[in-house]
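Asks: Sharing a structure below in structure tokens format, with a few things to ask.
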Amino acid sequence: MVLDAHQGANRLTAQARLGLAAAALSVLVPLAVAAWLRPNPNGFGTHRQLGLPPCTIVWLFGFRCPSCGMTTSWSHAVRGQWFQAIGSNAAGTLLAAMAMVAGPWLLVSATRGRWLVGRPGDRTLAVFAGAVIVTALFDWVYRLGFQG
């Protein structure tokens, strides 16, 4: 984020603050939508309540894709149903947990005009992204091998 020299080394510019607020909304709005949805007991398919079509991969090939169950996992996670969330999609659960932490943190940082705790570095962001990707792949391989 760009720092304004007139406001001190730790102050964020108005543009940076707007960017943080937008980033906060980009994770808080999906959490609010997930709270509004009812988790599908099948572990996937909750997105259908939004008027979206069924998963094309399931329709074409008969097995779930790596992202199947993510909406359902978020819907469980916002209700504190962590075991059901993981059962729906482990990577989705990890993303929901990250969103639950990142959203308020970004919003508070934007409001304060300086980072709460500290600015995340590139390495930190890469580790979090890698964790989600690895979790998604392991979860998908598990579902393919053990859940048919």
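The values are calculated or read from the model by the stated rules, or taken from the named source; none is laboratory data. Bear in mind the structure is a predicted one, so any value in this text is a computation, not a measurement. All Cβ positions, even for glycine, are placed from backbone atoms using ideal geometry, and neighbour counts span all protein chains on display. Ligands, DNA and RNA are stripped out before the accessible areas are found, and what is left, the full protein with its side chains, is counted by its heavy atoms. Shrake-Rupley method; radii C 1.70, N 1.55, O 1.52, S 1.80 Å.
Asks: With everything on Cα atoms, drop me the angle between helix 122-146 and the longest principal axis of the chain, reported from 0 to 90° to the nearest 10.
Replies: 10 degrees
Asks: Helix-only estimate, please: 222 nm mean residue ellipticity of the chain, summing -39500 (n - 2.57) across DSSP H runs of length 4 or more and dividing by its residues, to the nearest 500.
Replies: -20500 deg cm²/dmol
Asks: Treating the Cα atoms of region 17-96 as identical point scatterers in vacuum, please give the log10 of the normalised Debye intensity I(q)/I(0) at q = 0.16, 0.20, 0.26 Å⁻¹, two decimals.
Replies: With one equal scatterer per Cα and no solvent, log10 I(q)/I(0) is -0.58, -0.83, -1.17.
Asks: For Rg and Dmax of the Cα atoms in Å, the choices are (1) 18.0, 60; (2) 14.2, 45; (3) 17.7, 51; which was calculated from the structure?
Replies: Among (1) 18.0, 60; (2) 14.2, 45; (3) 17.7, 51, the one derived from this structure is (1).
Asks: What is the sum of charges, Lys and Arg at +1 and Asp and Glu at -1, for the other residues whose Cβ falls under 14 Å from the Cβ of Leu107?
Replies: Its environment carries a net charge of +3.
Asks: Next question. Hey, can you grab everything whose amide H is under 5 Å from the amide H of Leu12? Only 5+ residues off in sequence or another chain; H modelled, so Pro and N-termini drop out.
Replies: Arg114
Asks: What's the extension gain from Ala97 to Ile57 if we count 0.36 nm per residue and subtract their Cα-Cα distance?
Replies: Fully extending the segment from Ala97 to Ile57 adds 11.8 nm.
Asks: Keeping all protein chains in place, calculate the accessible area per residue for region 27-148 (probe 1.4 angstrom), answer in Å².
Replies: Averaged over the residues of region 27-148, the accessible area is 60 Å².
Asks: Still on this structure, please answer the following. Calculate, in nm to one decimal, what Gln49 and Leu144 gain on full extension: separation in residues at 0.36 nm each, minus their alpha carbon distance.
Replies: That pair, Gln49 and Leu144, stretches by 31.7 nm at full extension.
Asks: Right, next: Compute the angle between helix 90-112 and the longest alpha-carbon principal axis of the chain, please, reported from 0 to 90 degrees and rounded to the nearest 10.
Replies: That works out to roughly 20 degrees.
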